[in-house]
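These notes concern the structure reproduced below.
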Amino acid sequence: MAQLKMLVIGGTGSVGRLVVSEAVAKGHAVRALIRSAARASRLPPVETVVGDVTKPETLVAALEGIDAVVLTVNADGQGRQAAEAVYYRGVRDLIAAIGGRPVRIALMTTIGVTERRGSYNRTNEGHDWKRRAERLLRRSGLDYTIVRPGWFDYNDADQHRLLFLQGDRRHAGTPADGVIARKQIAQVLVDSLTSEAANRKTFELVAETGAGQTDLDPLFAALRADPKDALDAALDLDNMPLNGEPDRVRHDLETVTNSRAAEATN
Ligand SMILES: NC(=O)c1ccc[n+]([C@@H]2O[C@H](COP(=O)([O-])OP(=O)(O)OC[C@H]3O[C@@H](n4cnc5c(N)ncnc54)[C@H](OP(=O)(O)O)[C@@H]3O)[C@@H](O)[C@H]2O)c1
């Protein structure tokens, strides 16, 4: 298995800390982007760089020598502007800072991300901004995997078996949509980065009763890839028409698409 130089953004968080440990355990070299040097004490001993996805000028240095990025940031409970700044512009500016270099991305969003009318999305547009970030990544030309986890750590004691779903049709907005252990999310995010079968795939991640899998390649391979040049994932609801999107979002999609075209001709 290839050993990567991996940047973890969100590494001090509840999922990110486990991503850092998982990546180290799998032999990758990890650099964690942290918002303040004091936060390093929350991490296993790995290289750190101070930065913030809402400060694009911090991302270029953070990406120096990096092959892969895992993003597990959180802006819940901070309102619409933070949701846009962290979930959406953070990804937009990360893509720009990568500048077409071969850096692979593992992005964590959420189960139910295509559900627009529930209370979570009405409060902060968190689903919409995460979905817009997914769309930019699909258009970026970068290699990626988008993981949409179910409800964290609601697993029953015997629910270790990973189940990948597509179409994002579970919209209860409760753990009835599916459960998943944070440690399992970390395993899937890290393993996706070295799996060719996981490339350009988007899926909901839940656990069901049974033994956990160690080789995730067959699970990745069974998924449909995101259609070429599509905005949304394979089988997603068509409920976010481009002509209803904010001008700034359409502008960003054009910019990322044009940058990809320009890189292809260079
Ligand atoms: N709970 C669930 O059941 C569930 C299910 C599906 C999806 N989700 C989603 O999962 C996410 C929460 O994950 P989590 O529990 O791991 O979050 P968390 O524990 O709050 O960690 C979030 C991480 O993001 C970092 N961060 C926040 N803003 C940042 C910025 N501007 N620049 C760089 N780093 C930043 C935080 O850094 P600091 O340490 O500096 O704060 C922290 O490392 C949310 O988006 C939520 O909607 C949750």
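The values are calculated or read from the model by the stated rules, or taken from the named source; none is laboratory data. Being a predicted model, the structure only gives us computed values, none of them experimental. Counting neighbours? That spans all protein chains shown, and the Cβs are built from the backbone with ideal geometry, glycine included.
Against the numbered list (1) within 16 Å of the chain's Cα centre (by Cα); (2) within 11 Å of the ligand (Cβ to nearest atom), Ala23 comes up short only at (2). In the set (1) away from the ligand (no atom under 12 Å from the Cβ); (2) under 24 Å from Gly212 (Cβ atoms); (3) in a strand (DSSP E or B), the condition left unmet by Leu107 is number (1). The set of residues in the range 106-136 that are aliphatic (A, V, I, L, M) and either surrounded by fewer than 22 Cβ atoms within 10 Å (Cβ to Cβ) or under 18 Å from Lys55 (Cα atoms) (or both) contains only Ala133. Within the range 203-237, being part of a loop (DSSP other than H, G, I, E, B) and of a type in the set (A, V, I, L, M, F, W, C) holds for Ala211, Leu216, Ala222, Leu223, Ala230, Leu231, Ala233, Ala234, Leu235, Leu237. Applying the condition of being touching a helix residue (DSSP H, G or I) at 6+ places or on another chain (Cβ under 9 Å) and not in a helix (DSSP H, G or I) to the range 74-102 and asking which residue is modelled with the lowest pLDDT yields Gly100.
Just one of the listed residues (Thr48, Thr58) is among the polar types (S, T, N, Q) and in a strand (DSSP E or B), and it is Thr48.
Taken over the range 142-163, the criterion of being part of a strand (DSSP E or B) and either away from the ligand (no atom under 15 Å from the Cβ) or more than 16 Å from Ala233 (Cβ to Cβ) (or both) is satisfied by Tyr144, Thr145, Trp151, Phe152, Gln159, Arg161, Leu162, Leu163.
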